[in-house]
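Visitor: What follows is a single structure, and I will ask about it in a moment.
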Amino acid sequence: MATVDATLDADPKKRSKKPLLIGVLLALVLGGAGFFAVWSGLILGQSDNAETEAAPSPLQGIAFVPLDTMVVSLGADSGSRHLRFTAQVEVVEGAAADVTLLKPRILDVLNSYLRAIDTASIENPQAMARLRAQMLRRVQIVTGEGRVRDLLITEFVLN
């Protein structure tokens, strides 16, 4: 029995942590090198850097035409009495003068549409996207195809 107790008291040899440290260090170095290669464009990069630098910004070629503020009286059955509406029209840069010239027609179309729709749909917050799409389509019809890109509602107040 004395021999069994002597073997239990002896400390087993501990394994070295050197291979683990070398593996972690190697993984960090290779990961950093891979990141640098992708980031600098050596791997998966554009073949021609001049094309990417010369590409136009998406903000070039657009202009905004502000529309006058409109106050539309709502029907007696609505909870509100008036709608205050202000918007801007996003146009292609060459068509800004044409759209500015057509502003009275645009205001007429928008005023007619806002007076004709049901007041419950104006008061519904979820209907704003539908109203905006309908008004944009009407403005595009008035101004002609290819001039107006978007209608930006800057004020829509019920009082």
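The values are calculated or read from the model by the stated rules, or taken from the named source; none is laboratory data. Bear in mind the structure is a predicted one, so any value in this text is a computation, not a measurement. Note: ideal-geometry Cβ built from the backbone for every residue, glycine included; neighbour counts use all protein chains shown.
Visitor: Being in contact (Cβ under 8 Å) with a residue 24 or more places away in the chain, within 13 Å of LEU83 (Cβ to Cβ) and touching a helix residue (DSSP H, G or I) at 6+ places or on another chain (Cβ under 9 Å) is the filter here, so list the residues in the range 129-159 that pass it.
Guide: Of everything in the range 129-159, those that are in contact (Cβ under 8 Å) with a residue 24 or more places away in the chain, within 13 Å of LEU83 (Cβ to Cβ) and touching a helix residue (DSSP H, G or I) at 6+ places or on another chain (Cβ under 9 Å) turn out to be MET135, ILE153, PHE156, LEU158.
Visitor: Follow-up. Take LEU74 and decide whether it is within 30 Å of VAL142 (Cβ to Cβ), among the aliphatic types (A, V, I, L, M), surrounded by 10 or more Cβ atoms within 10 Å (Cβ to Cβ) and modelled with pLDDT under 90.
Guide: yes
Visitor: If you go through the range 129-150 one residue at a time, how many are within 15 Å of ARG105 (Cα to Cα) and in contact with a Leu (Cβ under 8 Å, 6 or more places away or on another chain)?
Guide: 7
Visitor: Where the second residue is part of a strand (DSSP E or B) and basic (Lys, Arg) and the first is within 18 Å of GLN134 (Cα to Cα) and lies in the range 74-100, which pairs have Cβ atoms under 6 Å and are six or more apart or on separate chains?
Guide: GLU90/ARG149
Visitor: Could you list, in sequence order, all residues of the range 135-151 that are closer than 16 Å to GLU93 by Cβ and under 21 Å from the mean Cα position of the chain (by Cα)?
Guide: Answer for the range 135-151, where residues must be closer than 16 Å to GLU93 by Cβ and under 21 Å from the mean Cα position of the chain (by Cα): VAL148, ARG149, ASP150.
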